[in-house]
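The values are calculated or read from the model by the stated rules, or taken from the named source; none is laboratory data. Note that the structure is predicted; figures quoted are calculated from it, not measured. Note: ideal-geometry Cβ built from the backbone for every residue, glycine included; neighbour counts use all protein chains shown. Remember, those area values only see protein heavy atoms, side chains included, never the ligands or the DNA or RNA. Shrake-Rupley method; radii C 1.70, N 1.55, O 1.52, S 1.80 Å.
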Amino acid sequence: MKRLAHATQRAGTFLFDGRTVPFHLGDTPAAALHAQAIRTLARSRKFHRPRGLSGSFVAGHLCGVDGSPHVRLDRLAAAQGMRVTTENVWPCGAFDLLGSARLLPRRWLRAGFEHSPLMPSGTARFEPWERFMRFMAGEAPVHAGNRRAIPQGRRMTSDVVVVGGGPAGREAANAAAAQGRSVALVTRGHVAGAKAAAWGAVLPALHDGVTVLTAHDACGLYDRGRHLLCAPHDAASSATIVAAGEVILATGRRSAPPLVAGADLPGVMDAETALTLAHRHAVAPGERVAVVGNGMEDTLAARLERLGVTVVACQPVERLERIVGWSAVSGIDAGGHIACDCVVHAGPWRSDRRLAFMAGADGDLRVLGGPLPAMVRLAGAAQEADEPVGHGAALDRRALACPCMDVTVDELLDLIAAGETHVEVLKRLTGCGMGPCQGIPCWDNLAHIVAHATGREPSGIGHPTYRPPGAGLTLAQAAGLQDLVPLS
Amino acid sequence: MSSLPSRATTVIVGGGIQGLMLAFCLAERGSTDTVVLDAGYWQGGASGRNGTMVRGGFASQEWTRFFGRSLELWVGLSKRLGENVMFTRRGYAILAESEAMDGLLDTMTATHRLCGVQSRRLAASQIADILPHADHTRIRGALYFDQGGIAPHHAVMKGLRKACIARGVRLFYDTPVTGFEKSNGRMAAVLCGETRIEADVTVICCGAQNTRVAALAGLELNGEAHRIEALATEPMRPVIGPGIALPERFTYLHQTARGEIVGGSEVPGETPRESLANTVPIMAAFARHLVEMFPCLADLRILRHWTGMLHVTSDHAPMMGPHPDLADLWVSGGWMYGIAGAPAAGDMLAQAIVTGVIDARMAPFAVDRFRRGALIVEGSTVNV
Ligand SMILES: Cc1cc2nc3c(=O)[nH]c(=O)nc-3n(C[C@H](O)[C@H](O)[C@H](O)COP(=O)(O)OP(=O)(O)OC[C@H]3O[C@@H](n4cnc5c(N)ncnc54)[C@H](O)[C@@H]3O)c2cc1C
């Protein structure tokens, strides 16, 4: 994909499956690879379908980096000589024989191979098969020499902690700081407000009194809000526990991927990912980009064009019937066929409810969210209602509800028709949402499919338990948290 | 879903692994008129939240005879059910880091021999073969069960459920039992809200809720609810073959067939309470034990962390058999190793209910042992 006019200068090269890839100043490996039109970064779990930078399905962002497994290529600075390798391939990324799994009938590979008719039953016959299954399922190889000192965790106290560096997060942080309260602000961005900047918004400056944790995931909220776990994207750095008197969740909303066939292909990405590529990295998300959305598509198309991107179509998401392609996007069917190599979705917009759920989560038979504890509140777009999951007129059985685990709409509809309508049960029967995204956005799809098939309201279906820390922190970072939080 | 019946030969309260295994074993013996009632969703209890590890040998003869039998029954369970429970004999290693624990492993091996359960001590070179990625400087000795292994709970619970339904057992989830009816000194009926189900035999196997459910019948049951937590990492190519217990670290773990490392730790000193909320100290402790023992896993990320609840008795051993204070009421509870023990418990309880004969290996775990002062001394459990 072409570099846009505002590109920075070339800074060096790294290796991707042995191939030399140039990168520019400030690039992530994902952006640099995208600029070279290398869009398949990973393979899906069962079918070995290609996965790329989507912003939605984390499994597509993971590679081995310098011997460390499952590193997110969109959250790491590219560095000279870095070795990036594709995982879940055999014998290698350039020539993945396992990719032929894609040609098997999907019914054979339901529920993670495990309950497939291919699998021999009976202890003695199952055991050799299990060895094969273990090899196939484990994605990353082990590097025996890998060792890392445990980074000693930090405990930070403040009057207020704000999650999210967007407009609402800044406003809340500034207001609290202006009252003389101590404030910590946690953001995933490399700077606070990166997403708003990519949209072209100008945000008010942060008050001097606000301590900012950039490039951190707030990945767990414990003890009814008293302890917020923040993990840095850099595996060498330590995790932080923020013990605050008030927790403000200003996590905004994200665009949920359309639930159509082909939405898992490399080249399909959310608005934020496309804008980050175009704005921050000056890489065109595609040569010919189609934009779909839920009212915001025109705004996004205009913004992308302003950044130098060629937009060939702009459609409401409910017109999108399917996304076409084999190893990457080659077009969309939306009324008629439109040739394109990239689909960007700007809506439907949905909030990430994980932290809010965890704040109130408890129970004895089942973990339920419950009302937010008094010390936790939502701010900004995170409070707004979720928009319904998007797809064309009919629900396509071939679409993937959970692309990381290769769970199809078909598999879920069959189970629902057989009487399984409890989301916790559907999760356990299919593995839906058990990959590195931990349910975002797959459980929204799951609830949507159950509602669609049973005629119930999606809001009444609920979702399986959001469990921390959702691939947010490494074992070494977690080990460094010892003695920072008292035993309950 | 069909509606609740007004009578059944057997009503099983609790549809975890204990309840389902018992329903299946009763059906195998020809008693198929069984209703299973469960307050939550299928796999919502400890049976869907556990470490799935199975071993046959412990420190006491009572535990070893019972769990040794259960291990034998794990092999062949798929065939009996007609469903693949995916039990695999990947081995089970108990690692000792101190001299005292190493000594205990010797004593255990002797007990196993006495009870006919296969186990062996590993030499350093064998430990290196079986656990190539472990930090061998920390390991003083190991006790190994070649026949031990993993019974993935999702497959076991799925197989049991299908096998029960195929044999006519009626399963009702999201159906809490709210009371009991006693008459003429026996348990006569089970109440689910407005619905009354008459039963010849009632069995309580409600896991952590056992004491609370027994109290609905005005009965006391030894033990209390206890929470333990577990974690799963992102998947890796095979690094760890067998199930592993690290008794000195109150830690156990294995690598699943999906590649995830799953396990948990206990941190002594927690106040017992009923809650499924996760805690930071336990995550930190498990992560530290895992990284110290397997340094190459340091950069692996934690996918999810969850909590399960157990019914723990005052001697930590399970309780199985008739309730001493009420005829026609049976209990299968106190399970800390309720996966490992399920096949034997189901089989022996079904035999006792159908024929009245109590297996000698089950007898020491009688419900009234606390009253008789016949507690079981067992020194090798990881939990608690
Ligand atoms: C983290 C963890 C790790 C573990 N690791 C292992 C291991 O490696 N190996 C091993 O052998 N064991 C392990 N265990 C223990 C094992 O999971 C349990 O011993 C076993 O699952 C208990 O089964 P159960 O059927 O007795 O209880 P449960 O599975 O808890 O089932 C009890 C059922 O009763 C239902 N119930 C409650 N109240 C009512 C009511 N009023 N009416 C109707 N139904 C009701 C509940 O909904 C529940 O489904 C572990 C447990 C945990 C939590």
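What does the accessible area of B:L143 come to, in Å² to the nearest 10, when a probe of 1.4 Å is used?
Probe radius 1.4 Å; accessible area of B:L143 about 0 Å².
Just to confirm a number: summing +1 for Lys and Arg and -1 for Asp and Glu over residues other than A:T240 whose beta-carbon lies under 9 angstrom from that of A:T240, what do you get?
Taking every Cβ under 9 Å from that of A:T240, the sum is +2.
Can you give the FRET efficiency to the nearest 0.05 for A:A149 and B:T178, using r as the Cβ-Cβ distance and R₀ = 60 Å?
So the FRET efficiency works out to roughly 0.65.
Out of the DSSP beta bridges found with both residues in the protein assembly as shown, what percent are antiparallel (nearest 5)?
In the protein assembly as shown, approximately 60 percent of DSSP beta bridges are antiparallel ones.
Once the dipole of chain B is set up with Lys and Arg at +1 and Asp and Glu at -1 on Cβ about the Cα centre, which of B:A284, B:P235, B:T307 lies farthest towards its positive end?
The Cα lying farthest towards the positive end belongs to B:P235.
Expressed as a rounded percentage, what relative contact order does chain B have, with Cα pairs under 8 Å and six or more residues apart?
Relative contact order here is 24 percent.
When DSSP assigns beta bridges and you keep just the ones with both residues in region A:10-101, what percent turn out antiparallel, to the nearest 5?
90 percent
Enter the Cα centre distance for the pair region B:12-76 and region A:185-233, rounded to the nearest angstrom.
Cα centroid to Cα centroid, the span is 47 Å.
List the pairs from A:K46/A:K427; A:K46/B:K158; A:K427/B:K162; A:K46/B:K79; A:K427/B:K158 whose alpha-carbon separation is above 22 Å, in the order I gave them.
A:K46/B:K79
If I take the Cα coordinates of chain B and project them onto the principal axes, what are the three extents in Å, biggest first?
64, 42, 42
In percent, how large is the relative contact order of region A:235-386, given Cα pairs closer than 8 Å and 6 or more residues apart?
So the answer I get is 32 percent.
For the protein assembly as shown, how big is the tail of P(r) above 47 Å, as a whole percent of Cα pairs?
Pairs farther apart than 47 Å: 23 percent.
Can you give me the P(r) profile for region A:10-101? Cα pairs, bins 5 angstrom wide beginning at 0, each as a whole percent.
Distribution as computed: 3, 16, 27, 27, 17, 7, 2, 0 percent.
If all Cα-Cα distances of region A:393-466 are sorted into 10 Å bins from 0 onward, what percent lands in each bin, rounded to whole numbers?
All Cα pairs, binned at 10 Å, distribute as 22, 61, 16, 0 percent.
Where Lys and Arg each count +1 and Asp and Glu each count -1, what net charge lies around B:A27 among other residues with Cβ under 14 Å from its Cβ?
+2
Direction-averaged shadow area of the convex hull around the Cα atoms of region B:24-98, nm²?
7.6 nm²
Determine the calculated [θ] at 222 nm for chain B from helices alone, applying -39500 (n - 2.57) to every DSSP H run no shorter than 4 residues and normalising by the residue count; nearest 500 deg cm²/dmol.
Rounded to the nearest 500, it is -8500 deg cm²/dmol.
Please list the radius of gyration and Dmax for region B:108-204, considering alpha-carbon atoms only, with Å as the unit.
That works out to 23.8, 65 Å for Rg and Dmax.
For region A:151-168, just list the computed ³J(HN,Hα) in residue order, Karplus coefficients 6.51, -1.76 and 1.60, θ = phi - 60°, integers in Hz, with x standing in for Gly and Pro.
These are the phi-based 3J(HN,Hα) values: x, 4, x, 10, 10, 10, 10, 7, 5, 9, 10, 10, 9, x, x, x, x, 5 Hz.
Per residue, how big is the convex hull of chain A when only Cα atoms are used? Give it in Å³.
Normalising the Cα hull of chain A by residue number yields 157 Å³.
May I ask for the Rg/Rh ratio of region B:204-355, computed from Cα atoms with Rh as the Kirkwood radius, given to two decimals?
Taking Rg over the Kirkwood Rh, I get 1.05.
What is the spin-label model distance, in nm, from A:T8 to B:S6 if the labels are put 7 Å beyond Cα along the C-beta direction?
So the two model labels end up 7.8 nm from each other.
State to the nearest 20 debye the size of the charge dipole of the protein assembly as shown about its Cα centre, where the only charges are +1 on K and R beta carbons and -1 on D and E beta carbons.
With Lys and Arg at +1 and Asp and Glu at -1, about 1260 debye.
Mind checking which helices in chain B clear 15 Å along their axis (Cα) and have mean Kyte-Doolittle hydropathy of 0.5 or more, DSSP H runs only?
Once both thresholds are applied, what remains is B:17-28, B:280-293, B:342-355.
Pull up all non-local amide H partners of A:D217: gap of 5 or more, or a different chain, and H-to-H distance under 5 Å with H placed in the peptide plane.
A:A231, A:H233
Using alpha-carbon positions, what is the distance between the centroids of region A:20-96 and region B:307-365, in Å?
About 52 Å separates the Cα centre of region A:20-96 from the one of region B:307-365.
Calculate how many DSSP beta bridges within chain B are antiparallel, expressed in % of all such bridges and rounded to the nearest 5.
Antiparallel: roughly 70 percent of the beta bridges in chain B.
Find the centroid of the Cα atoms in region A:249-269 and in region B:124-192, then give the distance between the two in whole Å.
38 Å
Just to be sure I understand: if I project the alpha-carbon convex hull of region B:1-46 onto a plane and average over all orientations, what area do I get in nm²?
With every direction weighted equally, the projected area is 3.4 nm².
Looking only at GluC sites (Glu not before Pro) in DSSP loops with at most 15 other Cβ atoms within 10 Å, what is the longest site-free stretch of chain B?
Maximal segment without exposed cleavage sites: B:1-193.
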